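Trainee: Provided herewith is a single structure, encoded as structure tokens, for subsequent inquiry.
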Amino acid sequence: MTNTQSPDREVLLDIYRRAHLIKTADDRFIELIKAGQIASPYYSTRGQELIPAALSVNLKAADYVITTYRGIHDQLAKGIPLRPFVAEFMGRATGTCKGKGGPMHITHLASGLPVTTGVVGSGLPIANGLAWAAQLNKTGQVTVCNFGDGATNIGAFHEALNLASVWNLPVIFVCQNNGYAEHTKYEFGTGAKAIVDRAIAYGMHGIQCNGNDAVEMYQAANEAIERARAGKGPTLLEARTFRFRGHLLGDDSHYIAKDEMAAAMEADPMPRLRAWLIDQGHATDADISAIETRNRDEFEDAVEFGLSSPWPDVSELSKDVYAEEARA
Ligand SMILES: Cc1ncc(C[n+]2csc(CCOP(=O)(O)OP(=O)(O)O)c2C)c(N)n1
Ligand SMILES: [Mg+2]
């Protein structure tokens, strides 16, 4: 990484605000599912908040972000409006996809979130398409494509990196390496020592960083995004992180060694960033508490909106499937 510029106070607090909103949403969704108020599988983003929080402060509203089933952190950081976001998660008619996407397929084009897919690795070729369109139309937009470490063993990953390199596309491939793909530890499924090493095979710029360090993540993302914007081509950015709450809600992570889990918990990026901001004099405890209170209030407003919203009508089933409404 060549970028060593530190973000200023305002940006640092914005990173914390975004990360805390993600944690608030994660905690609350789990509560609501456990209370039976939402019926849904859930892939927690706890532990990975700082990656999209520190990345998204480098993006413009028109830039694209693609993510996966484990994607609420990427969507919230990009700035999806809270009410229709929560309503979509709950499958309500007022959601960003009229309740048809549900928690695994939340999309909102107006926020630069054109695709969320549950098919591992499938986002990368789509990201190339968006980046290619931006290149041809000279819009200046960049596309960020998020995926996990497991996705880098899918053929689409390799094909997409190759083509992005050949066409010099304005795309950033962000591998959120949490060390596990479902219940399989990294070493049991991946031959490369580091994901970033795979960039070399495609003649692509590669950066590895600690995704749980706000400043490091910011610098890595800034370098990759500015390169793409300046026409210098794609980057494979490997952000090292950890998955605190299992593959999906209900998974107790029993296959993760106790000391590995304990060490990760000890390094929880959220309380660390909070303490660091105060320690460095960037904010007082009261400043940060005010950010947290506002996040909780705004999220709670969205939860109430979602819970009081109607379910989609059955007539919606045949709409938005083809360009013309399908016949019943
Ligand atoms: C093509 C495909 N194969 C298998 C699955 C089942 N599956 C869902 S998540 C997952 C693990 C992906 O791990 P990783 O890419 O590391 O992402 P993480 O869940 O850690 O964020 C698998 C194998 C799938 N959804 N799609
Ligand atoms: Mg993973």
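Trainee: Answer yes if at least one residue in the range 254-276 is in contact with an Asp or Glu (Cβ under 8 Å, 6 or more places away or on another chain) and among the small types (G, A, S), and no otherwise.
Mentor: First pass over the range 254-276, keeping only residues in contact with an Asp or Glu (Cβ under 8 Å, 6 or more places away or on another chain): 269-270.
Next, only the ones that are among the small types (G, A, S) stay: none.
Within the range 254-276, not a single residue is in contact with an Asp or Glu (Cβ under 8 Å, 6 or more places away or on another chain) and among the small types (G, A, S).
This table checks each residue for (1) open to solvent by less than 40 Å² (accessible area, probe 1.4 Å); (2) farther than 21 Å from D26 by Cα.
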position	(1), (2)
T68	yes, no
I72	yes, no
G79	no, no
V115	yes, no
G118	yes, no
G140	no, yes
T143	yes, yes
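Trainee: In this structure, does A192 turn out to be small (G, A, S), away from ligand 2 (no atom under 12 Å from the Cβ) and surrounded by fewer than 16 Cβ atoms within 10 Å (Cβ to Cβ)?
Mentor: yes
Trainee: Tally the residues that are farther than 25 Å from D27 by Cβ, assigned to a loop (DSSP other than H, G, I, E, B) and of a type in the set (S, T, Y), restricting the search to the range 282-325.
Mentor: Total meeting the criteria: 1.
Trainee: Here's a follow-up. Of all the helices (runs of 4 or more DSSP H) wholly in the range 143-262, which have at least 3 residues that are of a type in the set (G, A, S)?
Mentor: Once the helices (runs of 4 or more DSSP H) in the range 143-262 are filtered for at least 3 residues that are of a type in the set (G, A, S), what remains is 155-166, 214-229.
Trainee: Would you be able to tell me the number of residues in the range 18-52 that are over 18 Å from G148 (Cβ atoms), in contact with a helix residue (DSSP H, G or I) (Cβ under 8 Å, 6 or more places away or on another chain), in a helix (DSSP H, G or I) and in contact (Cβ under 8 Å) with a residue 60 or more places away in the chain?
Mentor: The initial filter retains those residues of the range 18-52 that are over 18 Å from G148 (Cβ atoms), namely 18-21, 23-25, 27-40.
If we keep only those that are in contact with a helix residue (DSSP H, G or I) (Cβ under 8 Å, 6 or more places away or on another chain) too, we end up with 18-21, 23-25, 28-29, 32, 37-40.
Now restrict to residues that are in a helix (DSSP H, G or I): 18-21, 23-25, 28-29, 32.
Adding the requirement that they be in contact (Cβ under 8 Å) with a residue 60 or more places away in the chain leaves 19-21, 23-25, 28-29, 32.
Residues meeting the conditions: 9.
Trainee: When the range 235-255 is examined, which residues are found to be of a type outside the set (S, T, Y) and open to solvent by 10 Å² or more (accessible area, probe 1.4 Å)?
Mentor: If the condition is that a residue be of a type outside the set (S, T, Y) and open to solvent by 10 Å² or more (accessible area, probe 1.4 Å), then R240, F242, F244, R245, H247, L248, L249, G250, D251, D252, H254 are the ones that fit.
The values are calculated or read from the model by the stated rules, or taken from the named source; none is laboratory data. Quantities reported herein were computed from a predicted structural model and do not represent experimental measurements. No Cβ is skipped: glycine too gets one built from the backbone with ideal geometry, and neighbour counts run over all protein chains shown. These accessible areas exclude ligands, DNA and RNA; they are computed on the full protein's heavy atoms, side chains included. Shrake-Rupley method; radii C 1.70, N 1.55, O 1.52, S 1.80 Å.
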